[in-house]
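Written out below as structure tokens is the structure these notes cover.
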Amino acid sequence: MQTIRKTRRYWWRRNAGEPMKKDRPNGKSLEQYKGTDTWSRKRWAWEFLRRNVDFLKHCKALTKNAPEALSEEDIARQFGLKRFKSAAEPYSKKGKFKQPRFVAESVPSYSRLLDEHPARRIRLLQAGEVAFILDLDAALLNAASLRKQIAVLTKIAKRRLGVLAELRKVAKVPSHRIHQDQLLSFIRILDARAAGMKRQDVFELVFRDEAAQCAQKAGGWEDVYSPLEARAKEYAARDYIKLVLSDKR
């Protein structure tokens, strides 16, 4: 474990007395964000998560072997990851770094296809989960079987969802509007603020047209900028999960 941790260099740490391959972007130049036009929603989710202040803190403590450091398993669970992935790691790199896996995008599977195969014990259900068993033997007898089974479990799952919504007092399951054209702007806000830039300077850097309009009106930039910075922080704090759940990849 110690050998693995030594390879995790945090790109957000500067002048920390340890070698780093890459500094965290500071939001000033678009050259620092090449290729973002090809990013999937899952990639955007990871980039927002690795800018999550609490996630950074836990990863840093783990790397330092600090007494208060949480285990990799606990950190992954807290931030919705299927398995731990350090914030210092890029989204993926062939042969070295695997893509992040989010709990929200994965479905647990327990199967026993032949009698001679050992039976796997199904884990206890967590709050908000429901389990189904599909009969693949029946599907081998009739091609329509699997389709019908899935249709039945879909109806059951929707009914269970309705019950859960009532229990948790959710009047309507919200749909999430993805700010696709602003995702990079939100990332730049987080990076620029982390680099120590003042709020008005960030506004003028990232939203030049809006800043120019505010200047002509003699003020009012704070009213325009504040909701944008708040939205950027929301994506890093929790809404990155909504990006993983969106249909677009």
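What size of dipole, in debye to the nearest 20, comes out for the chain about its Cα centre when the only charges are +1 on Lys and Arg C-beta atoms and -1 on Asp and Glu C-beta atoms? Walk me through the intermediate numbers first.
Values: 54 positive and 30 negative charges, 118 e Å.
Roughly 560 debye, rounded to the nearest 20.
Subtracting the Cα-Cα distance of A215 and K28 from 0.36 nm times their residue separation leaves 65.3 nm of extension gain.
Could you give the accessible area per residue of the stretch 112-184, probe 1.4 Å, as a whole number in Å²?
Working: 6730 Å² over 73 residues.
That works out to 92 Å² per residue.
A simple spin-label model places the labels of L153 and S92 2.5 nm from each other, with each point 7 Å out along Cα-to-Cβ. For the set K28/K98; K42/K217; K60/K242; K98/K155; K60/K172, the pairs lying more than 31 angstrom apart at their alpha carbons are K42/K217; K98/K155; K60/K172.
Within straight-line reach of K148, meaning a Cα separation under 26 Å, sit the following lysines at least 8 residues removed in sequence or on another chain: K158.
Suppose only helical runs count, i.e. DSSP H with n ≥ 4. What mean residue ellipticity at 222 nm does that imply for the chain under -39500 (n - 2.57) per run, divided by all residues and rounded to the nearest 500 deg cm²/dmol?
Numbers: 11 runs with 112 residues, N = 249.
The helix-only estimate for the chain comes to -13500 deg cm²/dmol at 222 nm.
Quick one: pull the percent of accessible area on the chain belonging to carbon and sulfur, 1.4 Å probe, ligands and nucleic acids left out.
52 percent
Given the C-alpha centroids of the stretch 115-169 and the stretch 56-114, what is the distance between them in whole angstrom? With the stretch 115-169 and the stretch 56-114 each reduced to a Cα centre, they are spaced 26 Å. Only one of (i) 1, 5, 10, 13, 14, 14, 12, 10, 8, 6, 4, 2, 1, 0, 0, 0; (ii) 1, 6, 14, 19, 21, 19, 13, 6, 1, 0; (iii) 1, 5, 7, 8, 9, 9, 7, 6, 5, 5, 5, 5, 5, 5, 5, 5, 3, 3, 2, 1, 0, 0 was calculated from the structure for P(r) over Cα pairs in 5 Å bins from 0, in percent, and its label is (i). Among L190, V152, A212, which residue has its Cα positioned farthest towards the positive end of the charge dipole of the stretch 139-249, with +1 placed on the Cβ of Lys and Arg, -1 on the Cβ of Asp and Glu, and the dipole taken about the Cα centre? The residue sitting most towards the positive pole is V152. FRET efficiency for the V130 to R231 pair, using the beta carbon distance and R₀ = 22 Å, is estimated at 0.10. Using the Cβ of F203 as centre and a radius below 12 Å, the other residues enclosed give a net charge of -2, where K and R count +1 and D and E count -1. Computed about its Cα centre, the charge dipole of the stretch 143-208 is approximately 600 debye, with only Lys, Arg, Asp and Glu carrying charge at their Cβ.
Computed packing ranks the peptides 28-35, 58-65 as 58-65, 28-35, most packed first, by mean other Cβ atoms within 10 Å.
The values are calculated or read from the model by the stated rules, or taken from the named source; none is laboratory data. Note that this is a predicted model, so its numbers are computed, not measured. Don't worry about glycine lacking a Cβ; one is built from the backbone with ideal geometry, like all the others, and counts go over all protein chains shown. Keep in mind that these areas ignore ligands, DNA and RNA; they rest on the heavy atoms of the full protein, side chains included. Shrake-Rupley method; radii C 1.70, N 1.55, O 1.52, S 1.80 Å.
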